[in-house]
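Below you'll find the structure, written out as structure tokens, and then a few comments.
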Amino acid sequence: ICDSEGLAYDLDYIFGLPGETAADHIEAARKFSAFKRLNRVKCHNLVYYKGLAVTDYALRDGLISDSALPEPGDFFSGDRSSPAMRGANAAFRKLFKLYGMFGGRLLRFAAISGFWRVFRLAPGFAVKILEALTGLARRDRRFLIYLKSYPRKI
């Protein structure tokens, strides 16, 4: 709807879902690449909390252990995806974060060709710098608000 109305928008994408595969991320990249007004893809890790159905599922199937559950309020916990998916998740996380700079064509090419694997090697600090430069260059209002507010919180 935003594309048809000419509105720029962001997407939130969650990594670490039980049963996720690289094929899921490839399909997401293919879909994202078709969006016309997509500004950026914001990446998050699923955080398991006691008492949630997804947590019960992951505990029952041995995807996580009870000792790995975060303390209440800890939603900045690291990647709790399955060990087999951590490399793919790292690669796609970086690729998706750079969407604003490279756009849909590179995203589609990387997903279809397998080039997405190279993004795992990209240093995290370099990805952050490129994200920041892209936000500044595009005069992304949401990014500029983050830029003003986060340093005060830190």
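Summary of computed values
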read-out	value
Carbon plus sulfur fraction of accessible area for the chain, probe 1.4 Å, in percent	60
Estimated distance in nm for a label pair at K36 and A132, the labels positioned 7 Å out from Cα along Cα-to-Cβ	3.4
Extension reserve of the D24-S149 stretch, reckoned as 0.36 nm per residue once the Cα distance is removed	41.6 nm
Label point distance in nm, E5-D66, each placed 7 Å from Cα along Cα→Cβ	4.7
Heavy atoms of D66: accessible area, 1.4 Å probe, square angstrom to 10	90
Pair-distance profile P(r), taking every C-alpha pair of the chain, with 5 angstrom steps and integer %	1, 9, 16, 19, 18, 15, 13, 7, 2, 0
Potential extension, M101-F125 segment - 0.36 nm per residue separation minus Cα distance	7.1 nm
Links that overshoot a 18 Å alpha carbon limit, given the list K36/K148; K42/K128; K31/K97; K50/K97	K36/K148; K50/K97
Residue range of the chain that is longest and free of trypsin sites (Lys or Arg not before Pro) which are both DSSP loop and sparsely packed (at most 10 other C-beta within 10 Å)	37-138
Probe 1.4 Å, protein heavy atoms only - accessible area per residue of the range 113-154 in square angstrom	83
Heavy-atom accessible area ranking, 1.4 Å probe, most first, across Y150, Y49, Y57, Y9	Y150, Y57, Y49, Y9
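The values are calculated or read from the model by the stated rules, or taken from the named source; none is laboratory data. Computed from a predicted model, the values in this text were never measured in an experiment. Neighbour counts run over all protein chains shown; Cβ positions are idealised from the backbone, glycine included. Each accessible area value is taken on the protein alone, full model and side chains, heavy atoms only, with ligands, DNA and RNA left out. Shrake-Rupley method; radii C 1.70, N 1.55, O 1.52, S 1.80 Å.
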